[in-house]
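J.: Starting off with a structure, shown below.
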Amino acid sequence: MSKRSQPHLFAIPKAHCEVVDTWHVSGLKGTSSKDIKAEASFTYADCGVHSINSVAPDGALAVLVIAAPILGDAEAAIQRFKERLSTQVTAVHATRLVLERAANAIDIALEASAEPDAQTQIRIVRDAAWAAQPCHQAVNTAFSIRGGSASLIDEPLQRSWRDVNAGANHARLNWEDFTKMWGSYRIRQYAT
């Protein structure tokens, strides 16, 4: 695929855009993701950035935007059952440390008016995909402990359960895919 046909991000005047309400989901409703439609809009090439080299939407920042709410929901869910979830409490705490490290790497690069290098971006994507796993396990365990009443509409745990399960199954957090990507990257690194 030529660089010209790959995804790019552009600054387009808001007046040229239409928000298309396409976000009708059971989990992660709060993200309010919607499509944007821009027809016959003109912008200059220097108002764009190649998205492969960007921290968003396909780069490192995009996965943190998905992983952070999963972490928050997991922390809230286990708070009520922490005496019975000591393993999950430790795993979710480790998840926070991993995601904070990832966010700090992005902050440091952006403060230097740069982007994280390729290895850092791939590590962040891998780490965010990993982070979804212990959060997913913790919330599902809390949901099981709560029993049938966890499904009640007024039960805060059911919202966390829906959001974490939706987020952990997001394509950008597919643990198997990103471990393979990380492994391939490291093998190429050692081969050169």
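The values are calculated or read from the model by the stated rules, or taken from the named source; none is laboratory data. Model, not experiment: these values are computed from the prediction. Virtual Cβ from ideal backbone geometry, glycine too; neighbours counted across all protein chains shown.
J.: So which residues in the range 99-116 are surrounded by 18 or more Cβ atoms within 10 Å (Cβ to Cβ) and at pLDDT 85 or above, if there are any at all?
T.: 99, 102, 105, 106
J.: Turning to a different aspect of this structure: Of everything in the range 118-160, what is among the basic types (Lys, Arg) and in contact with a helix residue (DSSP H, G or I) (Cβ under 6 Å, 6 or more places away or on another chain)? Give them in sequence order.
T.: Result: 126, 146.
J.: From the list 95, 90, which one is modelled with pLDDT of 90 or more, crowded, with 18+ Cβ neighbours inside 10 Å and assigned by TED's automatic domain parsing to the domain that holds residue 131?
T.: 95
J.: Restricting the search to the range 58-77, which residues are at pLDDT 85 or above and not charged (D, E, K, R)?
T.: 67, 68, 69, 70, 71, 72, 74, 76, 77 - these are the residues of the range 58-77 that are at pLDDT 85 or above and not charged (D, E, K, R).
J.: Another question, then. Please identify the pairs in which a residue from the range 73-96 that is free of Cβ contacts under 8 Å to residues at least 60 places away in the same chain has its Cβ atom under 6 Å from the Cβ atom of a residue that is among the polar types (S, T, N, Q) and in a helix (DSSP H, G or I), counting only partners at least 6 apart or on another chain.
T.: Final answer for the pair search is 88/141.
J.: Which one is nearest to residue 174 (Cα to Cα) among residues in the range 69-87 that are among the aliphatic types (A, V, I, L, M) and buried (at least 18 other Cβ atoms within 10 Å of the Cβ)?
T.: The qualifying residue nearest to residue 174 (Cα to Cα) is 70.
J.: Checking residue 158 against (1) touching a Ser or Thr at 6+ places or on another chain (Cβ under 6 Å); (2) surrounded by 18 or more Cβ atoms within 10 Å (Cβ to Cβ), only one condition comes out false. Which one?
T.: (2)
J.: So, in the range 162-192, how many residues would count as being more than 17 Å from residue 24 (Cα to Cα) and touching a residue at least 12 places away in the same chain (Cβ under 8 Å)?
T.: Going through the range 162-192 one residue at a time, the tally reaches 12.
J.: Any residue at all in the range 140-153 that is within 13 Å of the chain's Cα centre (by Cα), of a type in the set (Val, Ile, Thr) and surrounded by 12 or more Cβ atoms within 10 Å (Cβ to Cβ)?
T.: No.
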